[in-house]
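Quick notes on the structure that follows.
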Amino acid sequence: MKAKIFFFAIICLIVAVLSFSGFKPVNDNGLNTSKPGGLTVTTQNVLDIKSNRASCTFTITGSPVQEKGVCFSQSPNLTISNSKSMAPSNPSNSGKAILSGLKPSTKYYVRAYAKSGSNVFYGNELSFTTTNDEQKSNSNFGQKKESNTGGSK
């Protein structure tokens, strides 16, 4: 009986060592999103969406990085080999990248990235659709303007 308990304990120890020794967090697409030492990239929000541009905010926690920004494409599972917009350099590891040259009424995918050494780490992927110029220019069509003259009744 003692031999069976000892054998079971050894098996559990081996499984635990193997499970944690090759641990690399990955995102849904199987790409590294962090490294030993805790570098994590998070794509936060897509803001100020217009017909031909938008902006995207992101955060990076962990080690300092040499380059950071956002890559974007009309196809999912994107990397920096697609279009990218580098964020301005600042001391913090958060940023905002401006995406320009977009097409109206088009769905885009976006994800933040960070370069550390020869490695590129990616955040989660988000999607958004640019606006249509006609919608923007006709947004007040048919709306009645009300004014208050300040007079008494």
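Using a 7 Å offset from the Cα along the Cα-to-Cβ direction at both T106 and T40, what is the distance between the two label points in nm, to one decimal?
Going from the T106 label point to the T40 one covers 3.4 nm.
Of R111, R53, how do they rank once you tally other Cβ atoms within 10 Å and put the fewest first? Don't skip to the end; give the middle numbers.
Details: R111 29, R53 13.
Fewest-to-most ranking of R111, R53: R53, R111.
Using Cβ counts within 10 Å as a stand-in for footprinting exposure, how do I5, I60, I80 rank, fewest first?
With the sparsest Cβ surroundings first, the list reads I5, I80, I60.
Summing Lys, Arg as +1 and Asp, Glu as -1, what charge do residues with Cβ under 15 Å from the Cβ of L47 carry, L47 excluded?
+2
Values in this text are rule-based calculations from the coordinates and carry no lab data. Nothing here was measured: the structure is a model prediction, and the numbers come from that model. No Cβ is skipped: glycine too gets one built from the backbone with ideal geometry, and neighbour counts run over all protein chains shown.
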